Each structure stands twice: as structure tokens, then as C-alpha cells.
1. For a quick check of your reading: which strands (runs of 3 or more DSSP E) sit entirely within chain B and have at least 3 residues that are over 15 Å from A:Ala28 (Cβ atoms) and facing chain A (nearest Cβ under 7 Å)?
2. Can you pull out every residue in the range B:1-34 that is under 16 Å from B:Trp77 (Cα atoms) and open to solvent by 60 Å² or more (accessible area, probe 1.4 Å)?
3. Quick one: would you say A:Ser46 is in contact with a strand residue (DSSP E or B) (Cβ under 6 Å, 6 or more places away or on another chain), in contact (Cβ under 8 Å) with a residue 60 or more places away in the chain and of a type in the set (S, T, N, Q)?
4. Every residue in the range A:52-86 that is surrounded by 15 or more Cβ atoms within 10 Å (Cβ to Cβ) and either of a type in the set (Lys, Arg) or at pLDDT below 95 (or both), please.
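The values are calculated or read from the model by the stated rules, or taken from the named source; none is laboratory data. Worth saying up front: this structure is predicted, and the values here are computed from it rather than measured. Quick reminder, even Gly has a Cβ in these numbers, built from the backbone with ideal geometry, and neighbours come from all protein chains shown. Note: accessible area is taken over every heavy atom of the protein model, side chains too, but ligands, DNA and RNA are not part of it. Shrake-Rupley method; radii C 1.70, N 1.55, O 1.52, S 1.80 Å.
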There are 2 protein chains.
Amino acid sequence: MPNFQASVLVSLRPSVLDPAGEAARSAANRLGVEGIKSLRIGKAISLELDAPDEAEARRRVELLADRLLANPVIEDWSLELECLPK
Amino acid sequence: MPNFQASVLVSLRPSVLDPAGEAARSAANRLGVEGIKSLRIGKAISLELDAPDEAEARRRVELLADRLLANPVIEDWSLELECLPK
């Protein structure tokens, strides 16, 4: 069965506050790094799965992203999928 | 001053256990999603900064990634940087 590599990027919606990102931005200033205008922290989920074809692999990962990996009330997600060589 | 968009992907080193990822993988099975062979959860940091040129922007973000965003004992990171149009 073909083997797929998927990356799901989960980010907070722009209207949602990101206290962890704000804390990292303040810490960056204290480290002497200047010029940072925004810093937001999201999740990067990397997964490997077997599926009969690419459409089915995409369907499975989209279901996971919607139901398990992201909270659709406050987060958006995007998906990249590629078929791995045998 | 030019404006840059940087994405830092922080992932656990392959030798480090990922209990959150394992929990998500078990939850995926309970959701009825089959065929998942591995699932690892990392961080995706998106930041916007002003810097005089691309080399300086890269230097600043690399410093942040090494000192603040990733824990080099257990995590790897990668960086993508692009110059935003005015």
C-alpha cells in the first residue's frame, strides 16, 4: 500500500491572542534581537500513513486535522501531502 | 527598512519520545482513522521582522531559534525566510 508523508500546520486565527508568542517576543527583545513586529506560535504535525491512494490519504488527514489536531473555534490549519517512494 | 517573513519549524529529534504525538495517534485510531505509522508534534513559529538586509534578518532569526525557540538538546529547527514586498 502506498506510503504518504503529511504535514499539518495549525496556527491560531489572527483574531485570537497568543500570550506564548507575546512572551517569546519580549524575551527576544531582552536577548537584543530588534525589529520583530509579530511572533505567533503554532503547531507543526508531521505524520506518515499508509492509504490505498492519495485521495483517501488526504481524506483521512483532513478528518484528523478537523477533529483532533486543530480546534476550529480558534485555529486554522493547512495540509501538505506527498507520496513517498517505496 | 525591508520587511521579512520567517517561519521556524521546531521538531523533536528522532531519538526523543513524543508522548503528545503518541496520544494523538491513539486518539486517531479511536476516531476510526487507520494506517497511521507515525505522528510527531512540533512547533511552527511565524514571525515578521524589519532588518536592513536578508543576511541580517537571517542572523537574527537564527539566534532566536538557537537560544529561545528551540531546545537544542532535544529539538532540531529549520528556517524559511522571505522578503515581503513593500
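1. The qualifying strands (runs of 3 or more DSSP E) are B:36-50.
2. Correct list: B:Leu9, B:Arg13, B:Pro14, B:Ser15.
3. On the way: in contact with a strand residue (DSSP E or B) (Cβ under 6 Å, 6 or more places away or on another chain): yes; in contact (Cβ under 8 Å) with a residue 60 or more places away in the chain: no; of a type in the set (S, T, N, Q): yes.
When the stated conditions are applied, A:Ser46 does not pass them.
4. A:Arg58, A:Arg60
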